[in-house]
Structure formats: structure tokens, C-alpha cells
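Visitor: Supplied in C-alpha cells, the structure appears directly below.
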2 protein chains.
Amino acid sequence: MPDFNPENSVGIVSPQTMHFEEPLALDCGRSLKDYHLTYESYGSLNKNRDNAILICHALSSDHHVAGYNSPDDKKPGWWETCIGPGKPIDSDRFFIVCSNNLGGCKGSTGPSSVDPETNKPYGPDFPIVTVKDWVRSQEVFRQKLGIKQWFAIVGGSLGGMQVIQWSIDYPDRLKHALVIAAAPKLSAQNIAFNEVARQAIMSDPDFHKGNYYAHNVSPKRGLMLARMLGHITYLSDDAMRQKFGRDMREGKINFGFDVNFEVESYLRYQGNAFVDRFDANTYLLMTKALDYFDPAADYNNSLAQAFKHVRARFLVISFTSDWRFSPARSKEIVKGLLDNYKPVTYVEIEANQGHDAFLMPIDDYIEIFSTYMNTIANEDGL
Amino acid sequence: MPDFNPENSVGIVSPQTMHFEEPLALDCGRSLKDYHLTYESYGSLNKNRDNAILICHALSSDHHVAGYNSPDDKKPGWWETCIGPGKPIDSDRFFIVCSNNLGGCKGSTGPSSVDPETNKPYGPDFPIVTVKDWVRSQEVFRQKLGIKQWFAIVGGSLGGMQVIQWSIDYPDRLKHALVIAAAPKLSAQNIAFNEVARQAIMSDPDFHKGNYYAHNVSPKRGLMLARMLGHITYLSDDAMRQKFGRDMREGKINFGFDVNFEVESYLRYQGNAFVDRFDANTYLLMTKALDYFDPAADYNNSLAQAFKHVRARFLVISFTSDWRFSPARSKEIVKGLLDNYKPVTYVEIEANQGHDAFLMPIDDYIEIFSTYMNTIANEDGL
């Protein structure tokens, strides 16, 4: 990650919060009476209000997509590689918005927020939210922002799924859909990994059935395991080989259970760092949203039918070594669109970084992403 | 799995135990003063004592390879598919032996055994054993059995690695080596999965630093997670799709954290069943043995050099959908042998069952395995 470099960044940014007092009906049958969304925005909305881009974030990330929240920040937002002046999503050209999803733990209403009815954190009583619910809440958000139509909605991984859902549920509200490293639904293997992560969290004695806030603890061991496991699926076997190989911390086998191989050290570090910045109940909700995502289910299990009324133009990007959501899964999305003669550009990037590639400064990826964005912006005279 | 069917099985078998009073020097620098190996055998040793086959077992299995320990047994041994009368390893023709590895929990000396020096279970004081240690212990076992040379040593997965180690360490003691669904060493990703499994066990509050026996508990939650995770790596994505797809237990989304998808139910069942029959300290040891296995490390990191003095003839079998130890990994073994002009037959079986394929009745596999065994037996007039 680059250091603080305001020349090449949106610079210092502050999150904002928008409050919603109209109840939001949720897929589970319940509704949220009162909620807020925390978001960041970069660049300026133009006079015609037609240069707005919505970014949808992935499982464990948030609204802080680019720039720094203070000059002391060690790290910029999670998509600094792709968002900023002169970058693929150019903040000199677009008004860029990203909101933390409902159920999140970075400002938007979620399980760690106080339930106004009980004056205690929602905890396990927070409803299980779906990608559709997120899109529904963002549609209200769009109205309040006074944006008639998003120029584009863009997301990677779970965020890419959210883009798909937007294009189906509110076809008139976005002109372009950019779906990166995503899939039209999880496979049994994807669900299996999520289930192990959930069991790790829920079987941690500090979980207290989700009411751990009241006990002043959190299921750190479980969340750490969930994160370690996640990291294995974010990297390719190849990337791990290049990054760690079988290198050993002390150069030799230690015949013990302390860290021996570098890859163990990496995973423990990643796991430990995560538990201090993420809420376990949110992690559970996000994995459920992933598992449940299946837009075709509402359309006789036909993705082609689901895409029938889509109006957005699509760019679908996949990465060769991504085994979490492989290129074959992206092609299912492409096929669903082509079955309806919908305009779609598909790009498969040669990259050995695995699923995480979508966050990385890979030349071909950045160039294609930039060219595509410039082309569609030029077409509209933005 | 077939039901009790003595017509097609070695039938009722009983494990035996062999005691060793000579100390066994271990790779870690320590030694076991006193130990025993539990084993089973099927078929009869012929007059020339040259029809003996040693089976090496995988991570979580044991010496009970074939047949039933009582007529009430619900399930036969773990390789019933391949071992028995008229099967690839024909008990009418061969004397077949399999011992539970040292460090195990099914009879051989391991962490749950009583340490004669303290009169308490070894627990975490049991030395970390390696594949080389297992081979060393089995070499003493061979001598006590009075077998000059194994006709063949055969194993799948971790067992296949043990076969490789035998062929390198005691080249004169085996005529044939059959290495199935194995690899010459673990990849960083393989180690990463093992590390998550270990952390799951060791972070369970019931682990008590490995001394859980004294507390009359066991780290069941952690061991269950480890097993669930293991199962994901044993099955292919394809096999999971065919087995479970996105089928739901109650036919619909339940908006809760109870079992929803069939694959969740399967994993929880497998995890729960395992904790009652396996010792967590043994699981830790077995994963370490896997991580440490790297015969080339003793030979300038050259597998070709490691194989230089090998005398066994090899059959190497891999399965197309095995992503734990993929065909590419088996080919590394083959290449190491070919670099030395050693005789090796390599077969890649088209199968979508993933790593577990080596345990399954796949027609091509069984036929090739049988033909190979019959051919080499005929050559020797067995």
C-alpha cells in the first residue's frame, strides 16, 4: 500500500452519516424502524447530477474506499489502487459514494448499534439482512442524495453481487454495472467455508449466543479463525507459494506448535489484526448475506430470466487464479446477460494473486478498468 | 459403504499389538523408550515370506483397513473397497499388514497413552513425530515380523508420503511402491489449512495446553472445526455441487444460524461424529507430520537426489479433481523418479470426487489398481 500521498489520492476524507426514519422492510419479514448509513464521498456531483458512482464493498470492508481519515493514517482506503485522481474511477471526473452496508460495524446500523427499543446493542436480535435489503436501503439513500440515476455501480466480490442485485431490482437507476471477481451465487464449497467460519465464531465460549457485548468480551478466538480461513480463500495456491513457499521463520523445523512456517505467521498476524477492528456478529451476517445471494431464485432459478429487464451495460472482470469466485463463475453472469442480448464486456485478467487480485495494482487490470471508465464517461460527455 | 458381507470381505478381524522395548530415536532429538504398535493383518504369509504388503494409513485413519471387528460393526475398515478377496490388494494372494502410526490414538503409543515415567497420559509431552520416525518404527516392526522385504508398500494421501519415505530410507526393504493421491511435500496452502485446524484445537478453552485428559474434557469444538475444514479439502467443488448443490434442509431460507443448507448439515455431522472417535493431540501431531514431510530437504532440496538410490518400482496414481494433492503434485514425484531413470508408472484417474477419490469404488481406478497388482504378483509367481 502506498504511504500518505495526497498528490495521488483523494487526500483527507471524513465519513458522513445519513439518518433514515422511514422503516425499511427486510426480506426476512421484519423491518428496521430507524437506521443510519455511514458513507464517504469523493469528487463533486456535477450540475446535471449524472456523474455519481456507487461503490459496493466486500464482506469485511466498509465505506472508507479511498484517501485517509487523518494525516496520521498508516493505510489509505481499501480501493486506493482504483479510486482517486487519474485512477480508473477518477475523482476529478466522478462523484464517488460508498456506504457501509446495513448490519455492518463501521458506522451503519448493525448488531453492535444500540437498539432504540431496548437501549442495548442489537446483538443476535439484529435481523439477518440480504443483498437485496442492502440494495433497498441504498435505493432510499440514492433518493435522499438527489441522484436520479447512478452513472455506474461498481463492486468486487460480495460488492459485485450487490451490483448485480441493483441492476435487477432497480434497472432504471444505474447506467453501468461493473461486476468484478464475483459469482451469480455461492457454490456448496463457498457455503461450506462460510459455515466453518460461523461455527468457529459461534462455538467460541466468549460468543454468549451473540450477546457478548453485555459480557465485555468478544469471540476473538473464533473471529480470528474465521479470518485466517478467509485469507486462505482470498489467496491462490500460487500466490501463497510465491509469497511464503515453505520458508521457515527460524530457518528450520522447530518441532513445536509455535509459528514455524512463514505462512503460519502471516495467518496468525492477519487473524489477530482483524479481531480488533471487526465485530463478530457482523461477520456472521455478512457470510449469511453471501450464502443467501441468489437472484435467479426469484426467477424460476433462471439467471437469464432474472436479467430480462436489466438496462445497465455490464463490464464483468475475473482473475485467472481466483478460486473463490473463478472465471467460470463470472462467465455464468455473462451468459445470463447474453441470453437476453444485453450488452456486456467480459475481461479475464491473467493474475496469480487469487481472489484478492481485484484490490491490487495489476497493470492489465488497471489499464482496462481505466480505459473502460474513460470510454463510457466520454460517451456521455462527462 | 457396503454392509457386512463376509463373502466379499476379509471378514471378522482382530487388531494385535506388538511391544517394542528397544528405544526409538526420533527426528526431534528425543527418543521413545518403550512403545507399542497396534496393527491388523489379513491373508497368510507364504512359505517364502515374500508376499507381504504394508499399508500406510492417512491422517485420521488407522490400522483397521478392511473387514469388521465384530459382526455388529456398522462399517468395514477404511479401505474395504480395495482390500479383500478378489480386490486390488487380494487377501487370497497377499499377507496384508497395517499398523497405526506412532502418535496415533487407535492403539499405538500416542499422546493419550500413559507415559510409564509419570503414569499419566503423555498429552502435549508426546514428541512431535515425523513420517521418517514412522518409517523407522515400521522398519523395526518389519524385523520383528520376520519379513525380509515387503513385496509392496501402499498408501494414499499421507500414507503415500510414508511410502515415498520408505523407498528412500530403506531401498532394499520394498520391491514395489504404490503412491496414491500424494505429494512430495505440502504447499503453503496445505500448511495454511493445517495451521487453521491446529489453531482451532489449541484455542479451544478445553484444550488446556494439551493436558485436557486431566480435566476430563477434550477440545471438541476445536476438533470439530478442524474436521469440518478437513472435509472441505477432501471433496472437490464439483463433488460438493453434485452432493449438495444449494439444496436447503427445509426447502427454503430460514433467516437464522441453524442448519439451512444441506452442506452445513453434512459438515456439522462429520465434525460431530469425529470428535467422539479421535484424539485432538493426535490430530495436531498428524498435521505436523504432514507439514514437515519433505524428503528432498535431506538431499539439497532435490527430489531427484532423494530418489537416487531408490530400488522399488513405482505406481503413482492421482485423481483429476483432487485439489488437496493435485495431479501436478503427483507428477513432481514421477519427475523425481524419471530424473533417475527409475521405473515408474503414472496414472491419472478421471474422477470428480476430489481427494477422497482414493477411497472410492471408481471403476477405472479399481481396474487399473487390480491389473497392476496382478501383473506384478504374476511376475513373481505369487
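The values are calculated or read from the model by the stated rules, or taken from the named source; none is laboratory data. Please read these numbers as outputs of a predicted model, since none were measured by experiment. Cβ coordinates were reconstructed from backbone atoms using ideal geometry, including for glycine residues, and neighbour counts include every protein chain displayed.
Visitor: So A:A226 passes all but one of these: (1) more than 8 Å from chain B (Cβ to nearest Cβ); (2) more than 30 Å from A:V316 (Cβ to Cβ); (3) in a helix (DSSP H, G or I). Which condition number does it fail?
Guide: Tallying (1) more than 8 Å from chain B (Cβ to nearest Cβ); (2) more than 30 Å from A:V316 (Cβ to Cβ); (3) in a helix (DSSP H, G or I), A:A226 fails exactly one: (2).
Visitor: May I ask you to say which residue of B:D204, B:D172 is out of contact with any Leu (no Cβ under 6 Å at 6 or more places or on another chain) and closer than 30 Å to B:Y122 by Cα?
Guide: None of the others qualify; the one that does is B:D204.
Visitor: Considering (1) facing chain A (nearest Cβ under 8 Å); (2) in a helix (DSSP H, G or I), say which one B:D206 fails and leave the rest.
Guide: That leaves (1) as the condition not met.
Visitor: Quickly run through the stretch B:333-349 and pick out the residues that are out of contact with any Leu (no Cβ under 6 Å at 6 or more places or on another chain) and part of a strand (DSSP E or B). Step through it out loud before you land on a result.
Guide: Within the stretch B:333-349, the subset out of contact with any Leu (no Cβ under 6 Å at 6 or more places or on another chain) is B:333-335, B:337-343, B:346-349.
Residues satisfying the conditions are B:Y346, B:V347, B:E348, B:I349.
Visitor: Scan the stretch B:23-30 and tell me whether some residue there is under 29 Å from B:D73 (Cβ atoms), away from chain A (no Cβ under 14 Å) and not in a loop (DSSP other than H, G, I, E, B).
Guide: To start, the set of residues in the stretch B:23-30 that are under 29 Å from B:D73 (Cβ atoms) comprises none.
No - not one qualifying residue is present in the stretch B:23-30.
Each row is one residue, and each column tells you yes or no for (1) aromatic (F, W, Y); (2) at pLDDT 95 or above; (3) not in a strand (DSSP E or B).
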site: A:D50; (1), (2), (3): no, yes, yes
site: A:I53; (1), (2), (3): no, yes, no
site: A:H64; (1), (2), (3): no, yes, yes
site: A:W79; (1), (2), (3): yes, yes, yes
site: A:C98; (1), (2), (3): no, yes, no
site: A:K106; (1), (2), (3): no, yes, yes
site: A:P124; (1), (2), (3): no, yes, yes
site: A:R136; (1), (2), (3): no, yes, yes
site: A:G159; (1), (2), (3): no, yes, yes
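Visitor: Please identify the pairs in which a residue from the stretch A:69-97 that is more than 19 Å from A:C56 (Cα to Cα) and in the same structural domain as A:T371 (by TED's automatic domain parsing) has its Cβ atom under 6 Å from the Cβ atom of a residue that is at pLDDT 95 or above and buried (at least 20 other Cβ atoms within 10 Å of the Cβ), counting only partners at least 6 apart or on another chain.
Guide: A:P85/A:S91
Visitor: Note down all Cβ pairs under 6 Å where the first residue falls in the stretch B:246-268 and is facing chain A (nearest Cβ under 7 Å), the second is buried (at least 19 other Cβ atoms within 10 Å of the Cβ) and β-branched (V, I, T), and they're at least six residues apart or on different chains.
Guide: Within 6 Å, the pairs are B:F255/A:I128; B:F261/A:I191; B:V263/A:I191.
Visitor: From the residues in the stretch A:325-355 that are farther than 24 Å from A:G84 by Cβ, in contact with an Asp or Glu (Cβ under 9 Å, 6 or more places away or on another chain) and not small (G, A, S), which one is modelled with the lowest pLDDT?
Guide: Restricting to residues being farther than 24 Å from A:G84 by Cβ, in contact with an Asp or Glu (Cβ under 9 Å, 6 or more places away or on another chain) and not small (G, A, S), the top hit is A:N352.
Visitor: Please find, among A:S370, A:S330, A:S318, the residue that is small (G, A, S) and in a strand (DSSP E or B).
Guide: Details: A:S370 fails: in a strand (DSSP E or B); A:S330 fails: in a strand (DSSP E or B).
Exactly one of A:S370, A:S330, A:S318 is small (G, A, S) and in a strand (DSSP E or B), namely A:S318.
Visitor: What single numbered condition from (1) part of a loop (DSSP other than H, G, I, E, B); (2) among the small types (G, A, S); (3) within 11 Å of chain B (Cβ to nearest Cβ) fails to hold for A:A192?
Guide: Checking A:A192 against (1) part of a loop (DSSP other than H, G, I, E, B); (2) among the small types (G, A, S); (3) within 11 Å of chain B (Cβ to nearest Cβ), the one that fails is (1).
Visitor: For B:S187, indicate whether it is more than 7 Å from chain A (Cβ to nearest Cβ) and among the polar types (S, T, N, Q).
Guide: On the way: more than 7 Å from chain A (Cβ to nearest Cβ): no; among the polar types (S, T, N, Q): yes.
So B:S187 does not fit the description; no.
Visitor: Could we say that B:R241 is of a type in the set (D, E, K, R), away from chain A (no Cβ under 11 Å) and over 19 Å from A:R246 (Cα atoms) here? It would help to see each step written out before you state the result.
Guide: Working: of a type in the set (D, E, K, R): yes; away from chain A (no Cβ under 11 Å): no; over 19 Å from A:R246 (Cα atoms): yes.
Answer is no for this residue.
Visitor: Could you list, in sequence order, the residues of the stretch B:273-293 that are over 15 Å from the mean Cα position of the chain (by Cα), more than 11 Å from chain A (Cβ to nearest Cβ) and assigned to a helix (DSSP H, G or I)?
Guide: B:A273, B:F274, B:V275, B:A280
Visitor: Let me ask something else. Kindly indicate which of B:A188, B:A197 is buried (at least 22 other Cβ atoms within 10 Å of the Cβ), within 24 Å of A:Q242 (Cα to Cα) and over 20 Å from the mean Cα position of the chain (by Cα).
Guide: Testing whether each residue is buried (at least 22 other Cβ atoms within 10 Å of the Cβ), within 24 Å of A:Q242 (Cα to Cα) and over 20 Å from the mean Cα position of the chain (by Cα) leaves just B:A188.
Visitor: Further, regarding this structure: Against the definition (assigned to a loop (DSSP other than H, G, I, E, B), polar (S, T, N, Q) and within 14 Å of B:F314 (Cβ to Cβ)), how does B:N352 come out, yes or no? Lay out the reasoning, then the answer.
Guide: Details: assigned to a loop (DSSP other than H, G, I, E, B): yes; polar (S, T, N, Q): yes; within 14 Å of B:F314 (Cβ to Cβ): no.
No, not satisfied.
Visitor: Using the structure shown, decide if A:S218 is of a type in the set (S, T, Y) and within 11 Å of chain B (Cβ to nearest Cβ).
Guide: Criteria not met by A:S218.
Visitor: For the stretch B:141-152, state whether one or more residues are touching a residue at least 12 places away in the same chain (Cβ under 8 Å), closer than 26 Å to A:F255 by Cα, surrounded by fewer than 23 Cβ atoms within 10 Å (Cβ to Cβ) and over 15 Å from the mean Cα position of the chain (by Cα).
Guide: Scanning the stretch B:141-152 turns up at least one residue that is touching a residue at least 12 places away in the same chain (Cβ under 8 Å), closer than 26 Å to A:F255 by Cα, surrounded by fewer than 23 Cβ atoms within 10 Å (Cβ to Cβ) and over 15 Å from the mean Cα position of the chain (by Cα).
Visitor: Taking A:F358, is it surrounded by 21 or more Cβ atoms within 10 Å (Cβ to Cβ), of a type outside the set (V, I, T) and either modelled with pLDDT under 95 or over 20 Å from the mean Cα position of the chain (by Cα) (or both)? Can you show your working first?
Guide: Details: surrounded by 21 or more Cβ atoms within 10 Å (Cβ to Cβ): yes; of a type outside the set (V, I, T): yes; either modelled with pLDDT under 95 or over 20 Å from the mean Cα position of the chain (by Cα) (or both): no.
Judged against the criteria, A:F358 is not a match.
Visitor: All but one of (1) under 30 Å from A:K132 (Cα atoms); (2) part of a loop (DSSP other than H, G, I, E, B); (3) in contact with a helix residue (DSSP H, G or I) (Cβ under 8 Å, 6 or more places away or on another chain) hold for B:K252, so report the exception by its number.
Guide: Going through the list (1) under 30 Å from A:K132 (Cα atoms); (2) part of a loop (DSSP other than H, G, I, E, B); (3) in contact with a helix residue (DSSP H, G or I) (Cβ under 8 Å, 6 or more places away or on another chain), B:K252 breaks only (3).
Visitor: Taking the stated definitions as given, is B:S112 in the same structural domain as B:I368 (by TED's automatic domain parsing) and not in a helix (DSSP H, G or I)?
Guide: yes
Visitor: Could you list, in sequence order, the residues of the stretch B:165-189 that are assigned to a helix (DSSP H, G or I) and either closer than 26 Å to B:L229 by Cα or among the hydroxyl-bearing types (S, T, Y) (or both)?
Guide: B:S167, B:A188, B:Q189
Visitor: If you don't mind, another one. Just a yes or no: is a residue in the stretch B:115-128 buried (at least 24 other Cβ atoms within 10 Å of the Cβ) and more than 14 Å from every other protein chain (Cβ to nearest Cβ)?
Guide: For the stretch B:115-128, residues buried (at least 24 other Cβ atoms within 10 Å of the Cβ) and more than 14 Å from every other protein chain (Cβ to nearest Cβ): absent.
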